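Below is one structure. I have some questions about it.
The values are calculated or read from the model by the stated rules, or taken from the named source; none is laboratory data. Keep in mind the model is a prediction, meaning the values are calculated, not measured. Cβ atoms come from the backbone with ideal geometry, glycine included; neighbour counts cover every protein chain shown. These area figures cover heavy atoms from the full protein model, side chains too; ligands, DNA and RNA do not enter into them. Shrake-Rupley method; radii C 1.70, N 1.55, O 1.52, S 1.80 Å.
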Amino acid sequence: MSKLEISFKRSIAVLVIEDNQVDRRILHSMLTKTLTKDSVIKATDSLTTAENLLNEHTFDVVILDLNLPDSKGTKSLDYLNKKCPRTAIVINTGAYDEDLGIETLREGAQDFLVKGKYSSYILNKTLHYAIERKRLELELKEANRQLKETRNQLIQAEKLKVIGGLASGVAHEVRNPLATILYGVTFLSKQIKVDNPQYQLVLENIQEATNKANTIITDLLDFSSLSELKKELGNLNDVIEKALLLTNHEINKHNVQVVKNLSPVIPMLEFDKNRIEQVLINLFMNAIYAMSDCSQDASASEPMDKKITITTSAVKLSDDLKEIDLIYQKNFAPSQRVVSITVTDTGSGIPADKIDKIFDPFYTSRRARGGVGLGLSVCQNIMQIHNGCISIANGPSCGAVATLIFPI
Ligand SMILES: Nc1ncnc2c1ncn2[C@@H]1O[C@H](COP(=O)(O)OP(=O)(O)OP(=O)(O)O)[C@@H](O)[C@H]1O
Ligand SMILES: [Mg+2]
């Protein structure tokens with residue numbers, strides 16, 4: 001962290017928000033006397049007029065009276081902290097409001113002055129120290145954010161390394177014997193011509209189990225070998241249609257209604273069609289199962305409305321990337337344009353104590369129903385190597401909403 005170096009000779013930009021004309025004049029004359037010639041000093045008498053000045057200029061420090069005609073108390077402080085989070089705020093309180101001054105320090109002000117009790121020298125010193133404290137606070141916040149991000153990346157990388165190594169080793173070993181079994185069973189089921197249907201049934205069961213094991217092996221290999229991408233220019237709407245076609249059987253079997261809000265104007269992007277199709281199929285299957293499992297479990301006789309809504313749109317991210325999870329933020333720039341896909345269902349949703357686990361490899365709430373728990377971790381890897389983002393949250397009234405975000 002940088003050391004505290006304060007030069008009172010540095011020019012600064014100050015905004016005074018004070019409705020009392022006398023106090024405002026005193027502050028203005030003290031500031032003109034003590035600050036360097038090229039410093040910027042602006043003064044105004046309400047929060048509304050201050051807003052215009054804050055839109056036009058960047059200030060190092062605001063001197064704020066808490067008793068303004070259009071805003072009282074710490075409300076003004078909250079407003080300024082949101083409006084200009086990088087600006088230091090010094091409160092100018094009345095002689096009987098020292099307690100309030102101290103309270104504002106806890107609410108995010110850098111310092112407070114008590115009217116009538118400060119000299120030009122104290123004022124100058126207070127402003128420079130406040131600016132420096134704000135700078136250090138911002139540095140600390142940024143360091144903390146980076147630390148959290150790095151920690152999350154390390155955890156993720158470590159998990160992937162362990163699972164990846166284990167997965168590819170086991171998968172290669174198991175794949176060949178599985179192929180032999182599958183070949184043998186297929187051969188036998190064609191050869192055996194006995195009247196007893198029991199034989200055919202046993203063979204079919206073996207075939208089904210072997211296929212299932214093969215799918216798990218393929219998932220595991222996918223998990224550890226996602227580096228080979230075949231990226232080409234394409235339209236995400238087309239991939240959605242293809243993934244729907246491939247899941248059509250399950251959609252019909254479970255009586256799920258599909259609603260498509262696909263924007264016709266999303267730009268073409270570079271991505272691996274097969275991989276993104278795989279992500280969408282995983283999301284559709286999760287949604288279908290979440291709706292079918294919960295309608296099976298529900299004791300209510302009312303049949304539930306099973307609906308998947310798929311929406312695509314081209315949008316602009318916010319300045320602070322708040323819509324992107326921390327671990328993906330390095331993939332995006334503030335205000336960047338992106339394409340988003342949301343898959344919303346009307347299923348059970350995810351219990352609050354499980355929501356942090358759903359992307360963990362092998363986490364599944366459906367083990368008894370055949371879930372392996374690799375679907376979402378594969379999706380997460382695929383989105384990560386597309387420099388994109390995947391997140392899942394509960395819907396406002398029911399079900400879950402999965403969001404995929406691709407940088408343009
Ligand atoms: N749309 C959803 N609604 C409710 N829960 C969900 C949804 N999507 C995922 N989940 C939860 O997240 C868990 C992990 O999902 P994931 O796709 O990784 O594994 P899975 O579906 O259980 O198994 P598989 O490996 O076969 O995909 C699910 O078991 C379920 O508990
Ligand atoms: Mg799944």
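What does the charge count around residue 269 come to, taking other residues whose C-beta lies under 12 Å from its C-beta (Lys +1, Arg +1, Asp -1, Glu -1)?
So the surrounding residues net to -1.
Also: Any chance you could look up the accessible area of residue 12 with a 1.4 Å probe, heavy atoms only, rounded to 10 Å²?
Its accessible surface works out to 10 Å², give or take rounding.
Among 166, 192, 206, which residue has its Cα furthest toward the positive end of the charge dipole of the range 150-225, with +1 on Lys/Arg Cβ and -1 on Asp/Glu Cβ?
Most positive-ward Cα: 166.
Then there's this: If I ignore ligands, DNA and RNA and count only protein heavy atoms, how much of residue 231 is accessible to a 1.4 Å probe, in Å² to the nearest 10?
Approximately 90 Å² for this residue.
Give the peptides 191-203, 370-382 in descending order of average Cβ contacts within 10 Å, highest first.
Per-residue mean Cβ counts within 10 Å order the peptides as 370-382, 191-203.
What ranking of 254, 172 comes out by heavy-atom accessible area, probe 1.4 Å, highest first? Could the numbers behind the result be given before it?
Working: 254 35, 172 115 Å².
Ranking 254, 172 by accessible area, largest first, yields 172, 254.
Then there is this: In percent, how large is the relative contact order of the range 17-108, given Cα pairs closer than 8 Å and 6 or more residues apart?
Relative contact order of the range 17-108: 27 percent.
Follow-up question, since we're still on this one. Show me the ranking of peptides 281-289, 311-319 by mean Cβ neighbours inside 10 Å, starting with the highest.
Numbers: 281-289: 22.6, 311-319: 14.7.
Ranked by mean Cβ neighbours within 10 Å, highest first: 281-289, 311-319.
I would also like to ask the following. Counting only protein heavy atoms and a 1.4 Å probe, tell me what percentage of the range 105-169's accessible area is made up of carbon and sulfur. Walk me through the numbers before you get to the answer.
On the way: 2360 of 3900 Å².
Exposed carbon and sulfur together represent 61 percent of the surface.
Same structure again: Can you pull the one-decimal nm distance between simple spin-label points at residue 204 and residue 144, each 7 Å off the Cα toward Cβ?
6.2
Rounded to whole Hz and in sequence order, give me ³J(HN,Hα) for the range 76-81 from the Karplus expression 6.51 cos²θ - 1.76 cosθ + 1.60, θ = phi - 60°, writing x for Gly and Pro.
Coupling constants for the range 76-81: 5, 5, 4, 4, 5, 4 Hz.
Taking 8 Å as the Cα distance limit and 6 or more residues as the minimum spacing, I'd like the relative contact order of the chain as a percentage.
Numbers: 597 pairs, mean separation 42.2, N = 408.
Reported as a whole number, the value is 10 percent.
Taking a cut-off of 22 Å, what percent of all Cα-Cα pairs in the range 150-225 are separated by more than that?
Considering the range 150-225, 43 percent of its Cα-Cα pairs are separated by more than 22 Å.
Something else: Could you give me the ³J(HN,Hα) list for the range 189-195, computed from phi with Karplus coefficients 6.51, -1.76, 1.60 and θ = phi - 60°, whole Hz, x at Gly and Pro?
Here the 3J(HN,Hα) series is 5, 7, 7, 6, 10, 9, 5 Hz.
Still on this model: With the other protein chains left in place, how much accessible area per residue, in square angstrom, belongs to the range 30-76 at a 1.4 angstrom probe? Write out the running numbers ahead of the final one.
Numbers: 2430 Å² over 47 residues.
Accessible area per residue: 52 Å².
Let me ask another. What are the residues whose amide H is under 5 Å from the amide H of residue 41, where those residues sit 5 or more places off or on another chain and H is modelled from the backbone?
Under 5 Å from the amide H of residue 41 lie the amide H atoms of 14, each far enough along the sequence or on another chain.
Sticking with this structure for a sec: For the range 285-293, in order, what is each residue's ³J(HN,Hα) by Karplus, 6.51 cos²θ - 1.76 cosθ + 1.60 with θ = phi - 60°, in whole Hz (x at glycine and Pro)?
5, 4, 5, 4, 5, 4, 7, 6, 4
What figure in square angstrom, to the nearest 10, would you give for the accessible area of residue 268 with a 1.4 Å probe?
Roughly 110 Å² of residue 268 is accessible to a 1.4 Å probe.
In addition: Any idea what the dipole of the range 226-407 comes to, in debye rounded to 20, about its Cα centre with Lys/Arg Cβ at +1 and Asp/Glu Cβ at -1? Write down the numbers at each step before the final one.
Details: 18 positive and 20 negative charges, 42 e Å.
It works out to roughly 200 debye.
Here is a further query. Ratio of Rg to Rh for the range 1-102, alpha carbon only, Kirkwood?
Result for the range 1-102 is an Rg/Rh of 0.96.
Also, quick follow-up: How much of the accessible area of the range 226-407, in percent, comes from carbon and sulfur atoms when a 1.4 Å probe is used?
On the way: 4580 of 8880 Å².
Carbon with sulfur: 52 percent of the solvent-accessible area.
Could you list which residues have their amide H under 5 Å from that of residue 262, counting only those 5 or more apart in sequence or on another chain, with H placed in the peptide plane?
For residue 262, the qualifying residues are 312.
Now, a different point. Please compute the modelled spin-label separation between residue 137 and residue 293, points set 7 Å along Cα→Cβ, answer in nm with one decimal.
Going from the residue 293 label point to the residue 137 one covers 4.5 nm.
Taking every eigenvalue of the Cα gyration tensor of the chain, multiplying by 5 and rooting it, what semi-axes result, largest first, whole Å?
62, 23, 19
While we're here: Sequence-distant or interchain residues sharing an amide H contact under 5 Å with residue 112, placed H: which?
For residue 112, the qualifying residues are 91.
Separate question: So what is the accessible area of the range 226-407 per residue, in Å², with the probe set to 1.4 Å?
For the range 226-407, the solvent-accessible area averages 49 Å² per residue.
Also, quick follow-up: Cα axis of helix 21-34 to longest principal axis of the chain: angle in degrees, 0 to 90, nearest 10?
Taking the Cα atoms of the chain, the angle to 21-34 is about 90 degrees.
Is there a quick way to get the dipole size of the range 26-158? I mean about its Cα centre, with the Cβ of Lys and Arg at +1 and of Asp and Glu at -1; what is the value in debye to the nearest 20?
Charge dipole, the range 26-158, about its Cα centre: 220 debye, nearest 20.
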